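S.K.: Encoded as C-alpha cells, here's the structure I'll be asking about.
Throughout, read-outs are computed from the coordinates displayed, never taken from laboratory work. All of these numbers come straight from a predicted model, not from anything done at the bench. Every residue, glycine among them, receives a Cβ derived from its backbone with ideal geometry; neighbour counts consider all protein chains shown.
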C-alpha cells in the first residue's frame, strides 16, 4: 500500500537534524512599547526553515485576539539554544516562555511556573496523559508538551507475502516472519536491527521496554534488571536465528532505513518522517505501518517530545502567559503549526483533528501508550552514552554482561 505525507520533507528536516541555521531575532508586526506585564518574551528553536514564519502567524492571530498583549519572538538554532537561555538566565533576563528540551535543572532552581498555574483547566485536560506525566518532576508538571514523535513498525508487504508471512503482533510472530523473509536470500534481511552508536538507546528501548523492562525514572536509572534481560536476550535470539541484517552491532539506523526504503528489508521500526522519505526515495514501495510488536502483544511506542515552559520572571505576566498558552493550544491554531513543522500533536483534540490523515494514523493511534526516556534524571545522559557505546556488543557477548557493563558506566557517572 503506497503511503503519502504532504509535509514529509519538513518532518525529515526537523527530526533528522534538529539543528538548522539560526533565524535570528524577530518580533511580531506591531511590536512596540516598553517591557511590561503585557509583553511576553518568547524564545524558541528553529525546527525548519519555516519556524519563524510559523510562530509569527500564531503571534499575529494572538495579538489580534488580545490587542493589549504583545509577544517578542526570538528564534535560535538548536546548537545555540541552551547557551542563549543560560546566558539570559544569568543576566536576569530569562524569557517568559521557552521552547526547549531538558528542564529539571530549572525546576531545581525554582525558576518555572507549575503548568497548571499558567493554563486553563480545559487546556491542561486536553494533553495526552502520557505526555503530561513525562513533564512532571516530583508529581508536578512544569513543562507543557509541545510536539511529539513516536515509533511504529514499517512492513514491506511484498517481501512478507513472498515469504508466506504476515505482519507480526508479538515477538513470536515477529521472529517467525523475519526468519522467513531472511530465508528468501538475495541480500534481503527479515528485520532491520540498528544497534550501532547512532541511536542504540532507541532500539534498546523497543526491545527492553517491549519485554516489560524500563530504563528507570527521575530518581534512579535501572538497566541491569531481570526485566530488561528478557528483551536483551530476545535481541540475541533474533540475531542468532539469522532474522536480522548482517553485523547489527555496528549498523546505524539512518543508512539501514535507506535499505528498507530500497525494498531489501522486511520490517524495521521507523518514525513519521520515514513516510516522507519513502515518498521521495521509493514511492512505489508496497508497505504498511503497524504497532511495534511486544513480548505479549500489548500496546507500546517509544515517545519523544519537546516542551514549552514559563519562567517566573514577573508575577504580573502570569495572566498574559496563560492567555497565550490557551490560544496556542486551541486546535485551530495548534494543529496547523504542528502540521507545518511535520510532527505529531500532543493534545487529544489535535489527534482527533488529524485522525483522517492516513499516513499519520498509525502513529496517532499509539501515542496514548507512549513511554519515554527518563530524561529528568541527571544520569540519563550517561545512560544514553553507555547504550550508544556498549549495546551493540550484544551481537557477540552475553546479554547479561552487556547490561552489567552499561549499568556500571551509568553508576560511574
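S.K.: Let me check against my output: what whole-number percent is the relative contact order of the chain, with C-alpha pairs under 8 Å and at least 6 apart?
M.R.: Relative contact order of the chain: 27 percent.
S.K.: Still on this structure: On a full-extension model of 0.36 nm per residue, what is the gain between residue 371 and residue 68, subtracting their alpha-carbon distance, rounded to one decimal in nm?
M.R.: Extending this stretch completely gives an extra 105.0 nm.
S.K.: Using a Gaussian network model of the chain whose springs link C-alpha atoms within less than 10 Å, name the residue from 36, 332, 109 with the highest mean-square fluctuation.
M.R.: 109
S.K.: Please compute the modelled spin-label separation between residue 158 and residue 316, points set 7 Å along Cα→Cβ, answer in nm with one decimal.
M.R.: Taking the simple label geometry, residue 316 and residue 158 are separated by 6.7 nm.
S.K.: Between residue 408 and residue 110, what is the label-to-label distance in nm when each label sits 7 Å out along the Cα-to-Cβ direction?
M.R.: 4.2 nm
S.K.: Starting from the Cα gyration tensor of segment 206-326, take the square roots of the eigenvalues, sort them a ≥ b ≥ c, and report rounded, prolate or oblate (rounded when a/c is under 1.5, otherwise prolate if a/b is larger than b/c, else oblate).
M.R.: oblate
S.K.: Once a ≥ b ≥ c are taken as the square roots of the eigenvalues of the Cα gyration tensor of segment 270-404, is the result rounded (a/c under 1.5), prolate (a/b larger than b/c) or oblate (a/b not larger than b/c)?
M.R.: oblate
S.K.: Which of 68, 176, 384 moves the most in a Gaussian network model of the chain with Cα springs under 10 Å?
M.R.: Taking springs between Cα atoms under 10 Å, the residue moving most is 68.
S.K.: Given the DSSP H assignment, sum -39500 (n - 2.57) over each helix run of at least 4 residues in the chain and divide by its residue total; what's the result at 222 nm in deg cm²/dmol, nearest 500?
M.R.: -12000 deg cm²/dmol
S.K.: Across 5 Å bins from the origin, how do the percents of Cα pairs in segment 346-405 run, short distances first?
M.R.: Pairs per bin, as whole percents: 4, 15, 16, 12, 10, 12, 13, 11, 6, 1.
S.K.: Another question, if that's okay. Using a/c under 1.5 as the rounded threshold, could you call segment 158-215 rounded, prolate or oblate? The axes a ≥ b ≥ c are square roots of the C-alpha gyration tensor eigenvalues, and prolate needs a/b larger than b/c, oblate otherwise.
M.R.: oblate
S.K.: Could you tell me how far the Cα centroid of segment 93-147 sits from the Cα centroid of segment 199-260, in Å?
M.R.: 30 Å
S.K.: Please build a GNM for the chain, connecting alpha carbons under 10 Å apart, and tell me which residue among 105, 270, 350 fluctuates the most.
M.R.: Its mean-square fluctuation being the largest, the pick is 105.
S.K.: Another question, then. Please report the relative contact order for segment 255-401, taking Cα pairs under 8 Å with a sequence separation of at least 6, and give it as a percent rounded to a whole number.
M.R.: Result for segment 255-401 is 23 percent.
S.K.: Here is a follow-up. Roughly what % of DSSP beta bridges within the chain run antiparallel, to the nearest 5?
M.R.: 60 percent
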